[in-house]
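Chemist: Have a look at this one.
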Amino acid sequence: DGDGHSHDEL
Amino acid sequence: MNLFRLVADLSHLASIFILLHKIQTTRSCRGISIKTQLLYVLVFVTRYLDLFTGDFVSIYNSVMKLFFIGSSCYIIYLMRIKYKPTNDPSIDTFRLEYILGPTAVLALIFNYKFTFLEVLWAFSIYLEAVAILPQLFMLQRTGEAETITTHYLAALGIYRGLYIPNWIYRYFTEGGAIDPIAVVAGIVQTALYVDFFYVYFTKVLQGQKFELPA
């Protein structure tokens, strides 16, 4: 989402 | 995805299989805190709501999320229904409100966006950091643990520990990207395992029983 907090980790 | 995170996630998977193996083979959930297991259900359900919002990351990511939700609910079924008589609530006495209250407040204050999903995501991160406390408290109370239970805790601790080099790696490979909520909570969570690992390395891995000094 561009702000570095894409929550792509589990 | 990097090697640290992959091995961490595999260690997390392993921890769940070790726990299932312990419960199924001994036909008992003795020594396992159902409070910690309930907290994990809450952690996964509140964090993985993005499964339903279309924020798709990868097949790997979605499959793992579904597995963590499903397996944590299955563990509760085993503890609450199938092997209920082996569950001893009198030693699982950590007060959940000491965990749920502060983590809910933290999530309301420190989140990336004041939206329903983001507050729940932050809550799940803070909750996971301390979800192991009822289990560690129980261990402290009984002063001993079955070896298989200590392997479960070790796998969980390795999973958390490896997320730290993963973030360092990501920081350098992704242009200084950092997720402060996950990192701070992750460091706290890993620190909670330090005492456990001391006994695990000095006793269990030397072939002795996990026993705390009286």
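Chemist: On a 0 to 90 degree scale, rounded to 10, what angle separates helix B:34-47 from the longest Cα axis of chain B?
Modeler: It is inclined by approximately 10 degrees.
Chemist: Angle check, please: helix B:97-109 long axis (alpha carbons) against the longest principal axis of chain B (alpha carbons), in degrees 0 to 90, nearest 10.
Modeler: 10 degrees
Chemist: Can you return the lysines within cross-link range of B:K203? Criterion is Cα-Cα under 21 Å, with same-chain partners fewer than 8 residues away left out.
Modeler: B:K22
Chemist: Here is a further query. In the protein assembly as shown, with Lys and Arg counted as +1 and Asp and Glu as -1 at Cβ, which of these residues, B:L192, B:Y60, B:N166, has the Cα nearest the positive end of the dipole, that is, farthest along it?
Modeler: B:L192
Chemist: For region B:59-98, which chymotrypsin sites (Phe, Trp or Tyr not before Pro) are in a loop by DSSP, counting at most 10 other Cβ atoms within 10 Å?
Modeler: none
Chemist: For helix B:59-77, report the angle its Cα long axis makes with the longest principal axis of the Cα atoms of chain B; keep it between 0 and 90° and round to the nearest 10°.
Modeler: Computed tilt is about 30 degrees.
Chemist: If the viscosity is 1.002 mPa s and the temperature 20 °C, what translational diffusion coefficient in µm²/s does Stokes-Einstein give for chain B when Rh comes from Kirkwood over Cα pairs?
Modeler: Value of D from the Cα-based Kirkwood radius: 119 µm²/s.
Chemist: While we're looking at this one, here's another question. Can you tell me which aspartates and glutamates have their Cα less than 13 Å from the Cα of B:K84? Leave out same-chain residues fewer than eight positions away.
Modeler: Reachable aspartates and glutamates: none.
Chemist: Still on this structure, please answer the following. Using +1 on the beta carbon of Lys and Arg, -1 on that of Asp and Glu, and nothing else charged, what's the dipole of the protein assembly as shown about the Cα centre, debye to 20?
Modeler: About 880 debye.
Chemist: Over all alpha-carbon pairs of region B:73-154, lay out the pair-distance distribution in 10 Å bins, whole %, shortest bin first.
Modeler: Cα pair-distance distribution for region B:73-154, in percent: 16, 35, 32, 16, 2.
Chemist: Can you list the residues, at least 5 places off or on another chain, whose amide H is less than 5 Å from the amide H of B:A145, using H built in the peptide plane?
Modeler: Result for B:A145 returns B:F210.
Chemist: Enter the mean number of other protein chain beta carbons within 10 Å of the beta carbon of each residue in B:177-183, as an integer.
Modeler: Taking all residues of B:177-183 together, the mean is 3.
Chemist: Could you let me know the centre-to-centre spacing of region B:21-90 and region B:184-200, using Cα atoms, in angstrom?
Modeler: Here the two parts' Cα centres lie 21 Å apart.
Chemist: Which of B:S33, B:S124, B:S90 moves most in a GNM of chain B, Cα contacts under 10 Å?
Modeler: It is B:S90.
Read-outs throughout are calculated quantities, based only on the coordinates presented, and are distinct from any laboratory measurement. Being a predicted model, the structure only gives us computed values, none of them experimental. Glycine gets a Cβ as well: all are built from the backbone with ideal geometry, and neighbour counts include every protein chain shown.
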